[in-house]
Structure formats: structure tokens, C-alpha cells
Amino acid sequence: MSIFLTFFPIVLVLVLVTVRFKKRPLYGKGDLWLFGGYAAVLLFSSALFFLIAGEENGTEEEISAEIAEQEAQKLQAAAREGKDKSINKNYIKKQWTFEYDESQLSIETPDNNVNGTDILIERKEENDHVIEADYYQTPSSIEGKMAEPARNPSIQQTETALIIRKPEEDRLEYSAFKEEFPFNQGAEKINVFENSSLSLGSTLIYLRVPKDLDVNMDPYQVQYVNE
């Protein structure tokens, strides 16, 4: 319901009360100008409201919290089983390829110890001297709407190491509408976020390294699949 339709009865009552106290009918030019001014303000407010509400800061795609959670679990399960071909490629957000001729490699994760991204390694069946890295991210669900932060991690190659840094933290802002004050007096107060349907997505970096490459890493930060 638009603001105009919502507040029109209230304004009408105010005008009628004003006329009653003045003890004269609503035929004077002053009353007409007053009523017309109210109507113009309400029409302008209604148009402004829909203009602001229509500004889109995200996607209109819908996904339930249950589906988002299922997709996150499927991604993690397929990746940890070493089934690269069965991982949903639609969730790849960024890919890297590094040529590497050394026999040893260190993987450094300097800032991935708190709320970090899972990092998994799969050994190839050949020694092709190529390291491949895929970054996966499943969508989050907020009140049935899809939300996807746009930031990606960074992977830097040095002579003997890969340095993986997690994405910068994103701030997701969520807005909701509620009934106007005159209509929600005495109603039960509800915390939107405590009662919202929310599921955060899953992130994953999947590395594929040459068969005989000796990889040094922190086992709490990086794990092999199928080993």
C-alpha cells in the first residue's frame, strides 16, 4: 500500500476535525488550499518513497536458506572427497594458473586463521609443472534473497611459495519494511534479524598440484584430499 493510500484517511480526519472546530463547512478557499497542500505533499512523498525503494543494491534472485545451506554442504562434500569434476563449476568466482618447476613448494596463509577460507589440495596424476587454483563461493540467503559478496582472495606466487590471503571482509546491509507507527502501536515488537531466514555461503580454494611436488603447509590451514 502506498504512503498516499495509507495516510489519506488520517489527513481527511484532520481536515474534518479542523473544519468542525471552525464551525464552518469545507467550502472556503483556505480549506481547499489546505487540503490540496496535504494531498500534494502526500503524492510527492509517495513518489519519492517508491523512487528510493526501487533502487537496487543487489540481486533479485531468490534462494531459500535451506537450499543455500544444502549447496554449501554439497560443495564441501564433493571437494573433500577429491571429486574435482563433480564440484559445481557455477560457483567458481576466480581461477589462477601458475607454472612451477621446483620440487618443493610452501603454502603460506598469513591471515587465514580466523573465519578463513578452506584450502584443499589434490595431487594430479602427472607432473606437468603447473599449479591450478579455483576459488568457489556458494551464495548466502537473507530472507529468501540471494546475496554474494564480490571480493575474491588473492594468491601471490614467489620463487618457492604461494601466499594465499583471504578476501577483505564485506559488510552486508539488510533493509526491511514495517508497518507505519500509527498502525503498529501495541503490536508485538519483533527483532527482524532474530527472526530472519539467514544462511551464509561457503568459500573454498581448491588447488591441483603436480604429482610429485613436495608441499609444505600448515595442516590446520591446508589439507590434502584423498590422502
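Points worth noting:
- In this label model, Glu132 and Lys93 are separated by 2.1 nm, measuring between points 7 Å along each Cα→Cβ vector.
- Extension gain (nm, one decimal) between Arg80 and Asp111, 0.36 nm per residue minus Cα-Cα: 8.9 nm
- A Förster radius of 41 Å, combined with the Cβ-Cβ distance separating Thr158 from Glu69, puts the computed FRET efficiency at roughly 0.65.
- Estimated inter-spin distance, Gln223 and Gln104, nm [label 7 Å along Cα→Cβ]: 2.6
Any read-out appearing in this document is the output of simple, stated calculations on the displayed coordinates, not a laboratory observation. Everything quoted here is computed from the prediction, not taken from an experiment. We place every Cβ from the backbone using ideal geometry, glycine too, and count neighbours over all the protein chains shown.
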